[in-house]
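Colleague: Before I ask anything, let me first share the structure, which is written out below as structure tokens.
The values are calculated or read from the model by the stated rules, or taken from the named source; none is laboratory data. Note that this is a predicted model, so its numbers are computed, not measured. Please note: Cβ atoms are built from the backbone with ideal geometry, for glycine as well, and neighbour counts cover all protein chains shown. For the accessible areas, the whole protein counts, side chains as well, though only heavy atoms, and no ligand, DNA or RNA atoms are used. Shrake-Rupley method; radii C 1.70, N 1.55, O 1.52, S 1.80 Å.
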Amino acid sequence: MSDRTEQSENQMWGGRFSQGPAEIMEAINASIDIDKRLWREDIAGSKAHAAMLAEAGIISRADAGAILKGLDQVAGEIEAGTFKFSKALEDIHMNVEARLKEIIGEPAGRLHTARSRNDQVATDFRLWCRSACEDAAAGIGDLMAALADRALDNADAIMPGFTHLQTAQPVTFGHHLLAYVEMFSRDAGRFMDARERMNECPLGSAALAGTPFPINRETTADALGFDRPCANSLDGVSSRDFALEMLSAAAIAATHLSRLAEEIVLWTSPQFGFASLTDAFSTGSSIMPQKRNPDAAELVRAKTGRITGSLNSLLTVMKALPLAYAKDLQEDKAATFEAVDALALALSAMTGMIRDINPNRDAMKEAAARGFSTATDIADWLVRELGLPFRDAHHVTGRIVAVAEQSGKRLDQLALADMQKVEPKITDDIFNVLSVEASAASRKAYGGTAPDNVKREAQRWIAALKKE
């Protein structure tokens, strides 16, 4: 048995247990393979705690100095890849502490004064999630910048707008991309809102009831960049709603990514032909040489399952836990890490695809002209120029569409006489609104698809994102 294993049995559990755990107990109980990812946060929390203990006179400054120096050495070993993690020591906290004792001896045992692994892991996890929120918001910002850039490039590129995946009205490709900029801006906001709410420090809550030592929790909270200490020790060690909120934000962002990915899959299909991806973001087939598959988009779409699954996993873990700490909470990190990793990869892939995608303007414009997409423009013209109530104009337009459909013509290909058979007051001025370009250009109200609007909004977003 190694020295560290003996330390695990003798020091972690103290005198209550005379034997080590069964092999299967060790396997299910250990979390080091997952939570070793928290080593930076664990060492940062331990350094802040040691400094506070010395300042409060709970441990000597000499011991605190040895602890801080030893923790720096531990960090260096982990960074260099020479640190040996032990499953027998269960988690990152005991692995670090055991190595610290090997380095500095007795003072290492004073580090755990006035704290517990319960508040330690809660602090580490909050620190990690806080950084993850910042990273996610930054990744979303990169994607938004790519979308805004491409929107500006394609502010006047006409495409069909859809409802029910049926041709509805002409819009511009730039306007379509900016819709996702708006969605992702809310996603970034959700991550930063979650970061703000989670920025309270559990350290000093100890196991569940706080500590009798005269600690200064404001000092450790400030040292770790928290806004304040958690106000209730039970809540501090047992709550994981900060992770749930972050995962909720991740699931919503992943859903938006999946919607955009689905559109890329459709756009790049021969049936649509609206856009293409280069070799950088396409794959081929092992048997069909003609294939160009949008695998990156499909995989982004699939990552949504992992991310929403992680949210559901943690919700299920938390749903029946009485206060305060329970070992169930050990399962919080695997799901969270997986979701954050999947989201980061999906964001990077989507950002690359948006910068790579090549829209086929001619194909989009041709598709926009099909399906009688300017029918609403006829109805609006009848209201504006002839003073018809909109419901009457809607009925007249429907009859005109029926005429076009029966004759196999687009609306702008109908003869004036054909339209006048339906409504005699129609003049040839109506042809000014029947082209897809005119339809899009007329949508000048705030939030509309008019190319000038799109240019202005794209430029606004580009400037705002550069400033951020």
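Colleague: Could you order ARG355, ARG115, ARG61 by accessible surface area, starting with the largest, using a probe radius of 1.4 Å?
Modeller: The ordering from most to least exposed comes out as ARG61, ARG355, ARG115.
Colleague: Put PHE242, PHE372 in order of accessible area, largest first, 1.4 Å probe: what do you get?
Modeller: Sorted by accessible area, descending: PHE372, PHE242.
Colleague: Could you check the spin-label model distance between LYS87 and MET288? Points 7 Å from the Cα along Cα→Cβ, value in nm.
Modeller: For the pair LYS87/MET288, the computed spacing is 4.5 nm.
Colleague: Hey, another quick one. Using modelled backbone amide H atoms (1.01 Å from N, in-plane), which distant-in-sequence or interchain residues come within less than 5 Å of CYS201's amide H?
Modeller: ARG228, CYS230
Colleague: Using only the heavy atoms of the protein chains and a 1.4 Å probe, how would THR397, THR163 rank by accessible area, largest first? Write down the numbers at each step before the final one.
Modeller: Numbers: THR397 10, THR163 75 Å².
So the residues, ranked largest to smallest area, are THR163, THR397.
Colleague: With r defined as the distance between the Cβ atoms of ARG228 and ARG355 and R0 fixed at 35 Å, what FRET efficiency is calculated, to the nearest 0.05? All intermediate terms of the calculation are to be shown ahead of the outcome.
Modeller: Working: r = 41 Å, r/R0 = 1.18.
Efficiency for this residue pair is about 0.25.
Colleague: Taking the Cα-to-Cβ direction at ASP362 and at HIS395 and moving 7 Å from each Cα, how far apart do the two end points lie in nm?
Modeller: The answer from the label model is 4.4 nm.
Colleague: Please list, or write none, the lysines whose alpha carbon is within less than 24 Å of the alpha carbon of LYS69, excluding same-chain residues fewer than 8 places away.
Modeller: Here the lysines satisfying the reach criterion relative to LYS69 are LYS36, LYS47, LYS84, LYS101.
Colleague: With the contact rule set at Cα under 8 Å and sequence spacing of 6 or more, what percent relative contact order holds for region 327-439?
Modeller: For region 327-439, the relative contact order is 27 percent.
Colleague: Apply 1/(1 + (r/R0)^6) to the Cβ-Cβ distance of LEU315 and GLU385, taking R0 = 60 Å, and write down the FRET efficiency to the nearest 0.05.
Modeller: The formula returns an efficiency of 0.60 here.
Colleague: Right, here's the next one. Using a 1.4 Å probe, what is the accessible area per residue for the chain, in Å²?
Modeller: Computed with neighbouring chains in place, this is 48 Å² per residue.
Colleague: For the chain, return all DSSP H helices satisfying: extent of Cα atoms along own axis at least 30 Å; mean Kyte-Doolittle hydropathy at least 0.5.
Modeller: 241-267, 332-356
Colleague: If one computes the Cα centroid of region 406-468 and of region 48-75, what distance in Å separates the two points?
Modeller: 70 Å
Colleague: For region 222-235, take each phi angle, set θ = phi - 60°, evaluate the Karplus expression 6.51 cos²θ - 1.76 cosθ + 1.60, and give the result in whole Hz per residue in order, putting x for glycine and proline.
Modeller: Each residue's phi maps through the Karplus curve to give 5, 4, 9, x, 7, 6, 6, x, 4, 7, 9, 5, 4, 5 Hz.
Colleague: For the chain, what is the calculated [θ] at 222 nm in deg cm²/dmol (nearest 500), taking -39500 (n - 2.57) for each run of four or more DSSP H residues and dividing by its residue count?
Modeller: The per-residue figure over the chain is -20000 deg cm²/dmol.
Colleague: Heavy atoms only, probe 1.4 Å: what % of the accessible area of the chain goes to carbon and sulfur, would you let me know?
Modeller: Answer for the chain is 51 percent, counting heavy atoms of protein chains only.
Colleague: Continuing with the same structure: To the nearest 10 square angstrom, how much accessible area does ASP452 have with a 1.4 angstrom probe?
Modeller: Ignoring ligands and nucleic acids, ASP452 comes out at about 100 Å².
Colleague: Hey, with R₀ at 60 Å, roughly what FRET efficiency would GLU331 and ASP429 work out to, going by the Cβ-Cβ distance, to 0.05?
Modeller: 0.30
Colleague: I'd like the distance separating the alpha-carbon centroids of region 110-140 and region 194-253, in whole Å.
Modeller: Going from one Cα centre to the other spans 8 Å.
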